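Heads up, the thing below is written out as structure tokens.
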Protein chains: 2
Amino acid sequence: MSALFGGIEAGGTKVVCAVGDGSGNIQSRTQFPTTQPEETIQRAIDYFHREQEQHGELAAIGIGSFGPVDVDPQSPTFGYVTTTPKPGWQDVPFLGLVQDALDLPVGFDTDVNAAALGEARWGAAQKLTDFIYLTVGTGIGGGALVNGDLLHGMIHPEMGHMLIPHDKAADPFEGTCPYHGDCLEGLAAGPALEARWAQDPKTLPGDHPAWELEARYLSLGLANLIMTLSPQRIVMGGGVMKQKQLFPLVRARTIEALNGYVEAPQILEDIEAYIVLPGLGSNAGVLGAIALGIRAHRSDFSAGD
Amino acid sequence: MSALFGGIEAGGTKVVCAVGDGSGNIQSRTQFPTTQPEETIQRAIDYFHREQEQHGELAAIGIGSFGPVDVDPQSPTFGYVTTTPKPGWQDVPFLGLVQDALDLPVGFDTDVNAAALGEARWGAAQKLTDFIYLTVGTGIGGGALVNGDLLHGMIHPEMGHMLIPHDKAADPFEGTCPYHGDCLEGLAAGPALEARWAQDPKTLPGDHPAWELEARYLSLGLANLIMTLSPQRIVMGGGVMKQKQLFPLVRARTIEALNGYVEAPQILEDIEAYIVLPGLGSNAGVLGAIALGIRAHRSDFSAGD
């Protein structure tokens with residue numbers, strides 16, 4: 001019997017927990033809203049306790065969390081949610097609470113780095129060493145692989161808060177980001193769409209001008225990510241990207257924004273394979289969390305061996 | 001006697017060649033204008049031939065070149081200058097010409113990655129694993145270390161061509177980039193300053209409003225780089241950054257652009273140590289090329305051993 005791993009994908013609005021094997025198969029899955037931290041984390045712990053009673057002990061667990069989080073293993077607050085604006089969640093020792101309750105190796109990273117890892121292992125980015133996973137939903141966030149490793153840097157990327165050109169004469173919308181107003185997230189995340197068009201974006205028809213403008217803003221962000229990280233592929237997930245009509249628009253506008261400067265055949269000749277949907281669909285995040293668990297298991301094993 | 005290495009820093013306007021040891025000391029240095037490729041590369045080769053006659057054989061050479069270049073060792077055109085707009089330099093096998101003439105291991109990367117490597121080894125980024133070297137001169141370019149390795153990605157970064165907010169009501173200047181008009185380079189490289197103010201930027205007084213505007217544009221670029229790569233430090237070199245009055249302005253505007261979102265003490269409490277001059281001054285590029293030579297020597301040695 002192969003080892004089982006747990007994954008927790010903690011988003012700002014909901015948490016997905018799953019148990020799976022080492023090959024990207026999920027055998028059990030649950031989800032619940034993100035409420036106060038004690039209650040939310042306890043629900044995750046209870047789920048894994050029940051799973052263990054039924055299927056035997058898990059080998060390890062991974063957590064992909066909304067942020068900002070501390071992902072530096074050398075830091076005294078490693079595994080904490082830190083300065084998030086989400087009420088009640090500041091300075092919560094997420095990793096420690098899970099580890100103490102379940103007494104297992106626990107991997108920890110941002111939700112988007114987890115999703116990037118899941119896509120690299122089993123999804124749309126297999127065999128790539130350099131790619132970006134960008135989620136466009138309640139917020140906009142990005143995770144990246146560089147030279148085959150997750151990008152962390154000093155803290156971790158906050159790609160959604162990139163500052164992009166915004167022609168206020170053509171579009172006077174001020175943006176919804178409490179920090180930057182019209183950064184990429186402030187112009188193009190779900191709440192920005194809802195504020196601008198005064199209706200749930202899910203109810204906007206596929207040919208509504210909202211999508212053309214949305215694609216324009218997203219493409220400016222993608223062009224900047226291409227200029228900075230030179231990814232081999234960009235995987236776009238999140239609730240807003242479920243509007244499939246966005247993909248051809250985003251691809252076309254990105255080529256326009258680059259305007260021939262980056263002469264890569266991957267972009268100029270095969271953009272459909274360059275800007276793509278997650279291969280793991282809406283399980284990218286939780287499978288990525290399981291992948292973090294697999295890594296934690298390995299490093300625990302090698303450290304103890 | 002310790003081994004000697006050669007370095008070629010090939011910029012769009014001038015080439016610097018030097019010979020140094022493995023510890024960041026330069027023992028000989030020359031520079032000449034970048035003219036046609038045959039003539040330019042031959043001058044570099046002649047210099048190293050003369051140096052070898054005088055001081056004995058070099059162990060290896062490194063080239064840090066303007067681009068775009070092909071830096072993928074697996075590619076059939078590895079070491080070529082590829083689609084550069086610089087007349088005569090398209091599809092020039094830079095690495096191959098130097099290797100054939102000197103019969104030595106030759107390392108090859110972008111000029112800015114070379115400078116980043118030099119700063120990491122002997123300059124302002126020692127012991128850092130994640131940082132950015134940004135040059136602001138005839139163009140704007142960036143090199144980066146991520147998890148201790150040079151960032152290449154699919155091709156290599158082109159950070160200068162990032163698209164940033166540009167308030168055309170306040171500043172109607174169209175920008176000088178032939179591809180993007182008002183990208184970062186189009187607004188803030190040396191030629192943009194010269195075009196906007198109709199005089200050599202070196203002759204603009206230190207309190208001229210040009211520098212405040214310049215700092216604003218540069219800080220938007222830096223904020224985006226921080227959001228994307230989360231560097232532990234940013235080293236800024238190049239001719240424009242010789243205007244030292246820019247540093248306090250750029251630091252202050254970068255903090256404003258981030259507006260408290262990235263709560264890093266390195267930025268909020270110690271910005272003077274976060275956005276810094278190159279530790280190697282104007283030798284960052286050629287010392288970085290020497291560092292590429294040292295790496296080429298090592299990998300040649302381990303491959304042959």
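The values are calculated or read from the model by the stated rules, or taken from the named source; none is laboratory data. This one's a predicted model, so the numbers in the text were calculated from it and none came from an experiment. For neighbour counting, all protein chains shown are included, and Cβ atoms are generated from backbone atoms with ideal geometry for every residue, glycine included. Areas reflect the complete protein model, heavy atoms only, side chains present, ligands, DNA and RNA absent. Shrake-Rupley method; radii C 1.70, N 1.55, O 1.52, S 1.80 Å.
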Heavy-atom accessible area ranking, 1.4 Å probe, most first, across B:Asp300, B:Asp100: B:Asp100, B:Asp300
Cβ neighbours within 10 Å from other chains - mean over B:261-268: 4
Pairwise centroid distance, computed over Cα atoms, of the stretch A:1-45 with the stretch B:116-138, Å: 41
Centroid-to-centroid separation of the stretch B:141-189 and the stretch A:170-190 [C-alpha atoms, Å]: 21
Gained length - B:Leu277 relative to B:Asn147, 0.36 nm times residue gap less alpha-carbon distance: 44.6 nm
Cα centroid separation, the stretch A:241-279 to the stretch B:265-295 (Å): 34
Crossing angle, helix B:37-55 versus chain B [Cα axis fit, 0-90 degrees, rounded to tens]: 60
The stretch A:1-21 residues near the modelled A:Gln31 label - backbone nitrogen below 13 Å, point 7 Å along Cα→Cβ: A:9-18
Heavy atoms of B:Met154 accessible to a 1.4 Å probe, total area in Å² rounded to 10: 30
Computed accessible area, B:Ser23, all protein chains, 1.4 angstrom probe, square angstrom: 80
Whether the stretch B:38-99 is rounded, prolate or oblate, judged on the alpha carbon gyration tensor where a/c under 1.5 counts as rounded: oblate
Nearest 10 degrees, 0 to 90: helix B:246-258 Cα axis against chain B principal axis: 70
Global form of the stretch B:176-234, assessed from the alpha-carbon gyration tensor, a/c cut-off 1.5: oblate
Linear extension gain, A:Arg50 paired with A:Glu212, 0.36 nm per residue minus alpha-carbon span: 53.7 nm
Whole-number percent relative contact order across chain A, with pairs defined as alpha carbons under 8 Å at least 6 apart: 23
Chain B - convex hull of the alpha-carbon atoms, volume per residue in Å³: 135
Listed residues A:Arg50, A:Arg251 arranged by accessible area, highest first, probe 1.4 Å: A:Arg50, A:Arg251
Accessible area per residue in Å² at 1.4 Å probe, computed on the protein assembly as shown: 39
Cα-based reach from B:Lys168 at 28 Å (exclusive), listing lysines while leaving out same-chain residues under 8 positions away: A:Lys168, B:Lys202, B:Lys242, B:Lys244
Charge sum, other residues only, whose C-beta stays under 13 Å from B:Ile26's C-beta, Lys/Arg counted +1 and Asp/Glu -1: -2
Expected-Rg normalisation [2.2 N^0.38 Å, Cα atoms] applied to the stretch B:124-277: 1.00
Antiparallel DSSP beta bridges within chain B, as percent of all bridges there, nearest 5: 55
Derived scalar couplings ³J(HN,Hα) [the stretch B:130-137; Karplus, 6.51 cos²θ - 1.76 cosθ + 1.60; whole Hz; x for Gly, Pro]: 9, 7, 10, 9, 10, 10, 10, x
The stretch A:112-185: GluC sites (Glu not before Pro) in DSSP loop, at most 15 other beta carbons within 10 Å: A:Glu174
Point-to-point label distance, A:Ala170-B:Ala101, nm (Cα→Cβ direction, 7 Å offset): 4.8
DSSP-defined antiparallel bridges as percent of all bridges, the protein assembly as shown, nearest 5: 55
Student exercise, the stretch B:124-277 dipole from Lys, Arg, Asp, Glu Cβ charges, in Debye to nearest 20: 260
Acute angle (nearest 10 degrees) that the helix B:209-229 long axis makes with the longest principal axis of chain B, alpha-carbon atoms: 70
Of B:Ala60, B:His297, B:Ala18, farthest towards positive along the dipole that unit charges on Lys, Arg, Asp, Glu beta carbons give chain B: B:Ala18
Spacing of the two label points (7 Å from each Cα toward its C-beta) at B:Lys202 and A:Ser2, in nm: 6.5
Accessible surface of B:Thr129 - all protein chains present, 1.4 Å probe, nearest 10 Å²: 60
Dimensions in Å of the protein assembly as shown - Rg and Dmax from alpha carbons: 24.9, 78
